[in-house]
Every structure is written in structure tokens, then in C-alpha cells.
1. Looking at 106, 44, 27, which one is out of contact with any Asp or Glu (no Cβ under 6 Å at 6 or more places or on another chain) and in a strand (DSSP E or B)?
2. Tell me which residues, restricted to region 119-139, are open to solvent by less than 40 Å² (accessible area, probe 1.4 Å) and in contact with a helix residue (DSSP H, G or I) (Cβ under 8 Å, 6 or more places away or on another chain).
3. For region 123-133, indicate whether the set of residues that are assigned to a helix (DSSP H, G or I), touching a Phe, Trp or Tyr at 6+ places or on another chain (Cβ under 8 Å) and among the aliphatic types (A, V, I, L, M) is non-empty.
4. Cβ-Cβ distance below 8 Å, separation of 6 or more or different chains: which pairs start in region 72-101 with a residue that is within 25 Å of residue 114 (Cα to Cα) and end on one that is in a loop (DSSP other than H, G, I, E, B) and at pLDDT 95 or above?
5. Pick out the one residue from 83, 122 that is among the acidic types (Asp, Glu) and closer than 20 Å to residue 20 by Cα.
6. Given the criterion part of a strand (DSSP E or B) and either surrounded by fewer than 16 Cβ atoms within 10 Å (Cβ to Cβ) or not aromatic (Phe, Trp, Tyr) (or both), identify the matching residue among 97, 113.
7. Which one of these is assigned to a helix (DSSP H, G or I), β-branched (Val, Ile, Thr) and surrounded by 13 or more Cβ atoms within 10 Å (Cβ to Cβ): 68, 34?
8. Considering region 52-65 alone, what residues qualify as being modelled with pLDDT of 95 or more, open to solvent by less than 40 Å² (accessible area, probe 1.4 Å) and of a type outside the set (A, V, I, L, M, F, W, C)?
Amino acid sequence: MSEGPEGEARGGQAESPVVEVVAAVIERGGRILIVRRPSGRHLEGFWEFPGGKRRVDESAEAALRREIREELDAAVAVGELLDTVEWAYPEKTVRLQFFRCGLVGEARALEGQEIAWVRPGDLGEYAFPPADAALIARLSRS
């Protein structure tokens with residue numbers, strides 16, 4: 001995590017317990033799969049890369065395979081780690097690990113979320129959580 005001279009967490013908020021989160025950057029046919037967070041959830045309405053919280057004693061790769069199956073009814077081949085970001089929101093701090101993944105099968109929204117396949121250069125047109133900003137900028141340039 002990046003810290004300033006006073007030990008302030010990146011994102012400008014005070015330290016809080018860290019929630020481990022994994023996310024899949026799934027590319028197919030020159031597009032990236034993104035999902036919109038449903039109403040009633042933290043950061044509702046924002047777009048994100050699919051994934052979710054790691055369970056205790058669960059590897060990042062296992063968590064990602066489980067989350068994609070639960071969220072999108074599909075399997076993923078987990079590839080390289082693209083980025084790790086720690087971000088403090090007012091109510092919690094998250095440590096996000098973004099992995100490049102290949103989708104096995106077709107994605108189906110099992111949780112009522114919207115799904116979109118977006119060209120990398122168009123990612124900036126979607127509202128993502130602040131923690132995703134650096135990765136969005138990097139992917140948009142590729």
C-alpha cells in the first residue's frame with residue numbers, strides 16, 4: 001500500500017481491517033468483460049471486473065474460480081497477476097488482486113447484474129470504483 005508521510009492509506013482514508021478481493025480481467029475477441037454492481041451492495045451501480053472476496057485459507061486463484069462460477073456460471077483459467085491495489089474506503093479497506101483470465105464457456109448473470117464486453121479504449125466511458133483507476137488507464141492504452 002502506498003502511504004504518505006503521516007501513514008495515510010492510499011485513497012485518503014484512515015486504516016481499517018483489510019478485505020482481500022480478487023478480480024478477473026477477461027479478454028475475448030479484443031474486448032474485456034465487465035459487470036455492473038447491483039443495487040443494495042457496496043459501490044452499487046459502478047462497473048467492475050468480475051470477482052469477489054477471498055475466504056480464509058483460500059488461494060487467490062481458487063477464490064477467483066469460485067467467484068466467477070457463482071457470479072457468471074462460467075469457469076476461468078487464471079493467468080498472470082496484473083496488479084495489486086490496496087484502497088481505503090470510508091467503511092473498509094480492500095486489497096484487490098487483478099488477474100488476467102480466460103473464460104471457459106459463456107458468462108450468464110446469475111446475480112441480476114449487467115454484463116458488457118468493452119473495447120479496452122472504451123473502459124474510461126464507464127464508472128469504475130476509484131481503486132480500479134490505474135488499471136483502467138493501463139488497459140485503455142493497450
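1. Working: 106 fails: in a strand (DSSP E or B); 44 fails: in a strand (DSSP E or B).
Unique residue meeting the criteria: 27.
2. Initially, region 119-139 is screened for residues open to solvent by less than 40 Å² (accessible area, probe 1.4 Å), giving 120, 123, 128-129, 131-132, 135-136, 139.
Listed by number, the residues that qualify are 120, 123, 128, 136, 139.
3. Pass one, region 123-133, residues assigned to a helix (DSSP H, G or I): 123-125, 130-133.
After this cut, where a residue has to be touching a Phe, Trp or Tyr at 6+ places or on another chain (Cβ under 8 Å) as well, the list is 130-132.
Among the residues that remain, those that are also among the aliphatic types (A, V, I, L, M) are: 131.
Scanning region 123-133, I find at least one residue that is assigned to a helix (DSSP H, G or I), touching a Phe, Trp or Tyr at 6+ places or on another chain (Cβ under 8 Å) and among the aliphatic types (A, V, I, L, M), so the answer is yes.
4. Once the first residue is within 25 Å of residue 114 (Cα to Cα) and sits in region 72-101, its partners that are in a loop (DSSP other than H, G, I, E, B) and at pLDDT 95 or above give 72/50; 98/49.
5. On the way: 122 fails: closer than 20 Å to residue 20 by Cα.
The match here is 83.
6. Values: 113 fails: part of a strand (DSSP E or B).
Exactly one residue qualifies, and that residue is 97.
7. Numbers: 34 fails: assigned to a helix (DSSP H, G or I).
Within the list 68, 34, the selection yields 68.
8. Listed by number, the list holds a single entry, 58.
The values are calculated or read from the model by the stated rules, or taken from the named source; none is laboratory data. From a predicted model like this one, the values you see are computed outputs, not experimental measurements. With ideal geometry, Cβ positions are generated from the backbone for all residues, glycine too; neighbour counts draw on all protein chains shown. The area values use the complete protein model at the heavy-atom level, side chains included, leaving out ligands, DNA and RNA. Shrake-Rupley method; radii C 1.70, N 1.55, O 1.52, S 1.80 Å.
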